[in-house]
Every structure is written in structure tokens, then in C-alpha cells.
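As C-alpha cells, the structure follows; a few thoughts come after it.
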Ligand SMILES: [Zn+2]
Ligand SMILES: [Zn+2]
């Protein structure tokens, strides 16, 4: 079973901090953080509330170099000096240099395994490039996305190489090619998604409201 806890999002459950950005925690065989929201103070607050031990985070993956996904990183690295940070090789030299000092930096240039049953799509060309996570679960593929700037349809096409898509969670940005979602059982569009109402209306059974503090078990 894989557990996804939403640790940062524009909307939150009562008792959690919300803000513009996205982050989620993956509990598989290892503890993995995908993105870090827009600020570390609120991210750390939410992690504590979810009883997630910052020191136990083994790997951090950054989807793309936007402040609302990288903002909480330095606060995490201040507390956890042993984590591996996975960024795309096209990230700015400044950030990479800082991360080389503060963590074990791993630069991604193509699709590869990050942890057992968890893969990165590798860089999907955009400005900036973005990577998404592909989780192989017993129900099918679960895709975790940051902002989906390259397009949800393009990301799903790449993820499909690993099997049938079961679900997708994260920000959809301005995505409106809704047909691409029609065979997906779990649609957790959140964060920067602009067409939430339409997605909800078209896929009422598949759509799930995702807020900080939610835990999805698959
Ligand atoms: Zn974003
Ligand atoms: Zn973005």
C-alpha cells in the first residue's frame, strides 16, 4: 500500500496552514517528499501536524523550479542534512550549487527509478522543464504532478508507458483537454488548477477534493 499525504496546498483542512503551492509526502518503503510548497514555516507546521518526521525524509523531488514548489526546501534541509534532492539537470546553476552544499544532489536527465515502484518522468520540456512522479500501485499508475505546465495530457502520455493510469494528483494549471481524463478513476486536481468546476462537472465520480491534511491510501 502506498500512502500520499497532502502537506501543502492552496486549500487546507481545518487546523492546517494553506498557501499558494503544492507539496505531498509519499510513504512507500521510504519516506519521500514531492515539492515543498511556497514556505518552509507552514510546510514544517503541516508536517508536524501529520506526524511526519522531517529527519526521516530520505528523498525530496522537486517538480520544477518555481517558488511555490521550492519555497520550503531550505527549511527542510536545515533540519535534515542527509536527504537526497532530485532536481532536473536544467535547474539553474545557482540553486544546484546551493543544493550541492546542503544535500546530496541528484540531477535527472531522463526517466528513471527514484525508489521502489516510484519513477520520475524525467524532464518534460517547458519553460521551466518539469518532472512528474509515476507510482506503480496495485490499482494501477498514480501520477503526482506539480503544476503540469507541459500539459496534463503530455504527462499522462509519458506515464502510460508504465501501465494503465489509475489516478492523478496535483496542480493542473490551465489544462482543458478534458478528454485525456476520461479513463482515470481518481482525479485529484488541486493547487493551481484553473478549470476545477468543469472537471468536477464532467467527472463527478472520479473527482476528489484534495486539501492539505488529506491522506490518500492506494
Ligand atoms: Zn505551482
Ligand atoms: Zn509552476
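Annotations for the structure displayed:
- Peptide packing for 20-29, 170-179 was compared via the average number of neighbouring C-beta atoms within 10 Å per residue; ordered from the highest value, the list is 20-29, 170-179.
- Across segment 3-217, C-alpha contacts under 8 Å between residues 6 or more apart give a mean separation that, scaled by the residue count, equals a relative contact order of 20 percent.
- Sorting the Cα pairs of segment 111-159 by distance into bins of 5 Å, from 0 upward, gives 5, 24, 34, 22, 11, 4, 1 percent per bin.
- Cα long-axis angle, helix 93-102 against the chain (0 to 90 degrees, to the nearest 10): 60
- Normalising the Debye intensity of the chain to I(0), with uniform scatterers on Cα atoms only, and taking log10 at q = 0.11, 0.13, 0.18 Å⁻¹ returns -0.45, -0.65, -1.35.
- Put the Cα centre of segment 63-105 next to the Cα centre of segment 115-134 and the gap is 15 Å.
- Beyond 23 Å, the tail of the calculated P(r) for segment 130-218 holds 12 percent of the Cα pairs.
- Overall form of segment 1-69 per C-alpha gyration tensor (a/c, 1.5; a/b vs b/c): oblate
- In degrees, nearest ten, helix 40-49 long axis to first principal axis of the chain (Cα): 70
- Among beta bridges that DSSP assigns inside segment 3-217, antiparallel share in %, nearest 5: 50
Only the coordinates and a few stated rules stand behind these numbers; no lab work does. Nothing here was measured: the structure is a model prediction, and the numbers come from that model. Neighbour counts run over all protein chains shown; Cβ positions are idealised from the backbone, glycine included.
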